[in-house]
Amino acid sequence: MSNKKTKTVKWGEEPKLGMLDALYLPAIVSGLATAVRHAVSGKPTTRQYPEVEPEIPPNYRGVHRLNRDEQGRVKCVACYMCQTACPANCIEIIAAPAPKDDPHWKDRDKFPATFTIDELRCIYCGMCEEACPVDAIELTSVYDLTGLTRTEMVFDKEKLLSVFDETVKSGKDPVRTNRGTLGPASEVAPTGRQGPPPPGRGKHG
Amino acid sequence: MVKVKVNDIEVDAGPKDNCILAARKAGVEIPHYCWHESLSVVASCRMCLVEVGETKPDGTVAMGPKLVPGCQTPIKEGTVIRTDSPKVKAAQQMTLELLLLNHPLDCSICDQAGECYLQDYTYKYGKAHSRLDEPKLQRMDKYHIGDQIALFTDRCVMCTRCVRFTREISGTAELHVVARGSHEEIDVFPEDPCNNKLAGNVVDLCPVGALCSKDFLYKKRVWWLKQAESVCTGCSTGCSISIDQNENKVYRLRPRPNPEAQGHFMCDEGRFGFKYIHDERRLSAPKLSAALASGTESQRKTTTGNFAPDLNFADVWPTALTKARQKIQDAIKADPSGFVAVFSPFMTVEEAYLLAKFIKGIHEKARLVLGPIPTVGTDDKYPKGPKGEPPAEGKVKFTIRGEKCPNRLGVEAVLKHFEGSVVRIESITQRPNAHAWYIVGGYTSGWVTEAIDKAVGTPSLLIVQDIFPSPLSERADIVLASGSFAERDGTYVNHAGLAQSANAAIRAPGEARPDGRILMELAGRTGVFNAMALRKEIGATVPELSVLASGDLGEQGVRLVRFAKLATAAAT
């Protein structure tokens with residue numbers, strides 16, 4: 001039993017230094033060679049920011065956005081999962097019952113009355129995005145975040161929704177989450193199965 | 001005692017236990033929804049199916065051929081219960097799959113999430129997936145079911161705990177099951193919503209998120225709440241409760257099962273009556289009258305030192321308490337019998353003891369008086385009959401008492417020890433003969449009647465320790481802002497002489513301090529207020545409260561000796 005367990009673990013070993021490596025000279029020479037190659041190649045390595053904006057990879061974790069559903073309402077259902085998962089305690093939600101009299105909100109029970117993220121406190125780890133059951137919060141590739149005061153950097157619901165509108169318009173949608181296929185909690189009529197069928201059984205079990 | 005075997009663990013169970021209780025004693029959980037200790041057995045949820053067998057005289061074990069519901073199966077000597085066989089596990093999985101067939105996947109917005117038995121049991125005993133291919137049944141939410149209750153119909157698992165509660169405990173029978181088969185729903189008759197005085201309990205009873213409290217709806221996720229074990233101060237029943245708070249705000253009170261005090265439930269008056277502790281009108285800082293404050297001005301300037309004169313970093317409390325102590329001592333020395341200390345039945349035993357000992361320590365002749373006892377009507381007993389009549393003697397399952405204070409007996413015991421007898425304030429309002437008053441309030445609402453107001457008049461010294469402003473605090477020389485029940489540690493003695501310990505859940509608003517801390521410092525005692533240490537001291541000093549000597553009263557509390565004798569006499 002214990003034998004089997006130890007075999008499943010691979011222990012990495014530090015490579016042993018040979019005679020040549022112990023002299024350090026080959027390493028110094030190869031380092032010098034790299035420096036000389038860069039010095040004489042003539043290729044510029046300076047980036048002309050902000051005139052030339054860098055290509056941000058689409059899986060970059062930048063400013064948050066709050067997604068909207070097809071009807072333009074905030075997709076968030078105020079389940080507090082992101083606030084619970086957040087290691088920096090930068091998210092604060094106050095939930096409220098959805099206005100049931102409003103036909104626009106008829107199919108919703110709960111919605112965030114306020115939703116604030118302290119962008120200065122956030123460590124951009126992406127846990128909120130991962131915790132969200134309805135794909136309502138996402139980190140975008142917007143990276144150039146500036147402000148004159150601290151309070152300005154505490155983003156409220158409207159600001160976070162405007163980030164969504166902007167990123168959709170500019171085509172800089174994040175790619176991590178499956179936008180379009182919602183979590184079951186925000187769907188109108190959950191149909192079909194919620195998991196893989198049990199192995200070795202037919203469609204109806 | 002009956003010896004039974006649960007999953008090969010031998011355990012002594014009570015002769016009237018069912019399989020669930022016997023297994024609980026062995027440390028084995030049998031999952032269940034419809035069964036509740038204080039309600040009748042219906043065995044309808046099928047979650048507690050277990051294998052049960054018996055030990056034959058020759059020592060062999062004969063297991064029953066079928067699974068039986070553990071809640072409905074009594075035990076006897078040699079009963080063998082198995083909860084971990086493949087047969088039981090398969091039954092649990094199938095039961096849960098059935099219960100979840102039409103259960104919506106809205107845990108993310110459900111208030112019960114985090115304390116939901118459907119979540120817990122599915123995690124422990126259920127399957128990870130559903131085989132349902134059809135759309136789930138969707139039903140309308142019923143917000144009309146009661147003033148305090150909302151029914152999310154599609155989350156219901158039809159355990160009928162709530163229905164049985166309104167029939168057996170409150171006796172009002174508002175909730176019913178309508179329709180049949182998979183169309184079963186909980187409902188009320190039109191124009192007869194579930195608004196009885198115990199209605200809030202169905203929210204606690206509901207094992208899933210079907211019945212939710214409108215008061216708590218969407219206010220906080222339950223995993224943020226921290227619990228403090230306390231005692232409800234709404235009436236002299238003294239229900240054991242847990243105060244659920246987060247970030248210094250109390251969100252809800254829930255009953256804590258205590259067979260000694262009240263059973264499993266509490267009334268709505270207590271459950272929703274805690275809002276006054278977050279009232280904006282509460283006294284939030286000690287206050288000195290203008291005459292006294294001007295005397296301290298020079299002192300305050302020296303304490304602030306180099307800071308700008310308008311920045312007052314000095315704590316007002318030391319000044320107020322030193323002044324108060326000095327004034328009390330002077331007043332008592334001048335005329336001992338002219339000094340009256342009024343005790344409130346909302347004080348804990350510890351606080352009453354601290355104050356009584358301090359006053360009597362200065363002079364024997366200073367008078368201690370019990371403040372007004374708020375009383376509303378008579379005791380309200382449940383279950384009610386069909387016409388709302390109270391139940392017969394001996395069939396009472398819950399009582400809301402007319403005496404709306406938690407600790408009359410405890411304070412009286414302290415007063416009897418220090419004063420010799422209990423003098424009520426009503427008996428001295430005609431001729432108070434007092435020139436100095438120390439008045440303790442702590443009542444949930446205005447308590448200063450005209451008679452008291454007139455009796456106090458404008459004495460030479462008036463110190464008020466209260467949570468709300470009153471005519472007395474308006475003209476008091478010193479006002480000490482004190483704490484509500486959620487902010488106090490201490491002991492309450494209920495109507496039946498049960499001493500229960502309460503723990504502080506939150507901090508008092510602003511500069512206000514819990515009464516124990518104020519009185520500790522006022523009495524000039526060293527150290528911080530520690531209820532357990534004080535209980536030991538009280539137990540050794542006051543004979544009637546000798547049961548407090550252990551310090552720790554446990555979760556269920558301890559009965560005073562006098563009442564314990566009464567209880568045993570009644571039992572025999």
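The values are calculated or read from the model by the stated rules, or taken from the named source; none is laboratory data. In this text, all values refer to a predicted model and were calculated from it rather than measured experimentally. Cβ: placed from backbone, ideal geometry, glycine included. Neighbour counts: every protein chain shown.
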* To do: Would you point out which residue out of B:366, B:356 is among the small types (Gly, Ala, Ser), in the same structural domain as residue B:422 (by TED's automatic domain parsing) and under 27 Å from residue B:557 (Cβ atoms)?
  => B:356
* Among the residues of the range B:50-59, is there at least one that is assigned to a loop (DSSP other than H, G, I, E, B), among the acidic types (Asp, Glu) and either within 25 Å of residue B:167 (Cβ to Cβ) or touching a residue at least 40 places away in the same chain (Cβ under 8 Å) (or both)? -> no
* Asked: Taking the condition within 24 Å of residue A:78 (Cβ to Cβ), within 10 Å of chain A (Cβ to nearest Cβ) and basic (Lys, Arg), does residue B:136 pass?
  -> yes
* Structure fact -> Counted residues in the range B:1-35 being touching a helix residue (DSSP H, G or I) at 6+ places or on another chain (Cβ under 6 Å) and of a type in the set (Val, Ile, Thr) come to 4
* Evaluate the range B:114-132: report whether one residue or more is within 17 Å of residue B:212 (Cβ to Cβ), polar (S, T, N, Q) and without any contact (Cβ under 8 Å) to a residue 12 or more places away in the chain. => no
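Evaluate the following for residue B:120: is it away from chain A (no Cβ under 13 Å), under 22 Å from residue A:79 (Cβ atoms), surrounded by 14 or more Cβ atoms within 10 Å (Cβ to Cβ) and not aromatic (Phe, Trp, Tyr)? Let's see the steps before the verdict.
Details: away from chain A (no Cβ under 13 Å): yes; under 22 Å from residue A:79 (Cβ atoms): yes; surrounded by 14 or more Cβ atoms within 10 Å (Cβ to Cβ): yes; not aromatic (Phe, Trp, Tyr): yes.
Yes; evaluated as a whole, the condition is true for this residue.
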* Hey, residue B:251 hits all of (1) within 14 Å of chain A (Cβ to nearest Cβ); (2) not in a strand (DSSP E or B) but one; which does it fall short on? -> (2)
* Structure fact -> Per the filter on the range A:62-86, residues more than 13 Å from chain B (Cβ to nearest Cβ) and charged (D, E, K, R) are A:65, A:68, A:69, A:70, A:73
* What residue, of A:89, A:59, is within 14 Å of chain B (Cβ to nearest Cβ) and either at pLDDT below 90 or in a loop (DSSP other than H, G, I, E, B) (or both)? -> A:89
* Does residue B:459 qualify as being within 26 Å of the chain's Cα centre (by Cα) and modelled with pLDDT under 95? -> no
* Asked: If only one of A:129, A:138, A:152, A:119 is surrounded by fewer than 14 Cβ atoms within 10 Å (Cβ to Cβ) and at pLDDT 90 or above, which one is it?
  -> A:152
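Quick grid of which residues meet (1) within 27 Å of residue B:68 (Cα to Cα); (2) assigned to a helix (DSSP H, G or I):
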{"site": "B:81", "(1), (2)": "yes, no"}
{"site": "B:89", "(1), (2)": "yes, yes"}
{"site": "B:92", "(1), (2)": "yes, yes"}
{"site": "B:104", "(1), (2)": "no, no"}
{"site": "B:111", "(1), (2)": "no, no"}
{"site": "B:119", "(1), (2)": "yes, yes"}
{"site": "B:123", "(1), (2)": "yes, yes"}
* Could you grab me the full set of residues in the range B:241-259 that are touching a residue at least 60 places away in the same chain (Cβ under 8 Å) and in contact with a Ser or Thr (Cβ under 8 Å, 6 or more places away or on another chain)? => B:243, B:256, B:257, B:258
* To do: Report whether or not residue B:60 is over 29 Å from residue B:263 (Cα atoms), outside the structural domain of residue B:259 (by TED's automatic domain parsing), out of contact with any Leu (no Cβ under 9 Å at 6 or more places or on another chain) and of a type outside the set (D, E, K, R).
  => yes
* What are the residues in the range B:543-558 that are surrounded by fewer than 20 Cβ atoms within 10 Å (Cβ to Cβ), in contact with a helix residue (DSSP H, G or I) (Cβ under 9 Å, 6 or more places away or on another chain) and not in a helix (DSSP H, G or I), if any? -> B:551, B:552, B:553
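If you go through the range B:166-213 one residue at a time, how many are on the phi > 0 side of the Ramachandran plot and assigned to a helix (DSSP H, G or I)? Walk me through how you get there before you give the answer.
Quick first cut of the range B:166-213, residues on the phi > 0 side of the Ramachandran plot only: B:171, B:173, B:179, B:181, B:191.
Next, only the ones that are assigned to a helix (DSSP H, G or I) stay: B:181.
Total meeting the criteria: 1.
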